[in-house]
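Each remark here refers to the structure printed beneath this line.
The values are calculated or read from the model by the stated rules, or taken from the named source; none is laboratory data. What you are looking at is a predicted structure, and each value in this text was computed from that prediction instead of being measured. Cβ atoms come from the backbone with ideal geometry, glycine included; neighbour counts cover every protein chain shown. Just so you know, the surface numbers come from the protein's heavy atoms only, side chains and all, with ligands and any DNA or RNA stripped out. Shrake-Rupley method; radii C 1.70, N 1.55, O 1.52, S 1.80 Å.
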Amino acid sequence: MPKGAISKKEATVGSLFFNVIDSSSSKQSRTLSRNVASEYTAGSEKQKIGARKPAPRAKVPFEKGYSQMDWLKLTRTHPDLAGLKGHSNKRLISLSEVKQHQTEGSMWTVLKGRVYNLSPYMKFHPGGVDMLMKGVGKDCTTLFNKYHSWVNFEFLLEKCLVGTLDDNSR
């Protein structure tokens, strides 16, 4: 390459786009760097406009004594959060039976094939009671995955397990 000539290469790696500049000539290189920087800024503004922000989640302030830590303590000390009164949580439950449990004290839902009584957890849910009510009496797996796919619900709701959904009853 002749002395004083500037080499500008464009490259991409994955979704990243960048320019590679040969800095043989420092004065020309500084001018080119400013131009590239202004091109990058203009390009990133275009990307920001086209990007869609995720919908904000509404979190409800906890009442005193209803934080996630309080829930954890309750699950370790309360003997029957599922409301089974000594019955086994190993039984099969039909979807029609789940639909019958939509009253205070017995609010059942299906989450990934397991049936849970959400009543004790209602006031502990960060999204509030209204959000949990959307899943009561039905399979809430899709709704749950939309907001909480990373949450370990099996651990969180283990003491609320009523049984397993009977696939033959659908």
Open item on the list: Averaging the inverse of every distinct alpha carbon separation and then flipping it gives the Kirkwood radius. What is it for segment 111-162, in angstrom units?
Closed with: 11.2 Å
Task: Nearest-20 debye value, segment 68-137 charge dipole, Cβ charges on Lys, Arg, Asp, Glu - done: 280 debye
Open item on the list: Give me the one-decimal nm value for the distance between modelled label points at residue 129 and residue 155, 7 Å along each residue's Cα-to-Cβ direction.
Closed with: 2.9 nm
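Determine the equivalent ellipsoid of segment 61-170 by diagonalising the alpha-carbon gyration tensor, then write out the semi-axes as square roots of 5 times the eigenvalues, largest first, rounded to whole Å. Write out the running numbers ahead of the final one.
Numbers: eigenvalues 91, 54, 31 Å².
Semi-axes (√(5λ), whole Å): 21, 16, 12.
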Task: Exposure ranking of 80, 130 by accessible area [1.4 Å probe, largest first] - done: 130, 80
Task: Cα lying deepest toward the dipole's positive end in segment 74-116, options 89, 74, 100, charges on Cβ - done: 89
TODO: Note down the nm distance, to one decimal, between modelled labels 7 Å out along Cα→Cβ at residue 100 and at residue 84.
DONE: 1.9 nm
Task: Under 5 Å, built H, 5+ apart or other chain: amide partners of residue 162 - done: 115, 116, 117
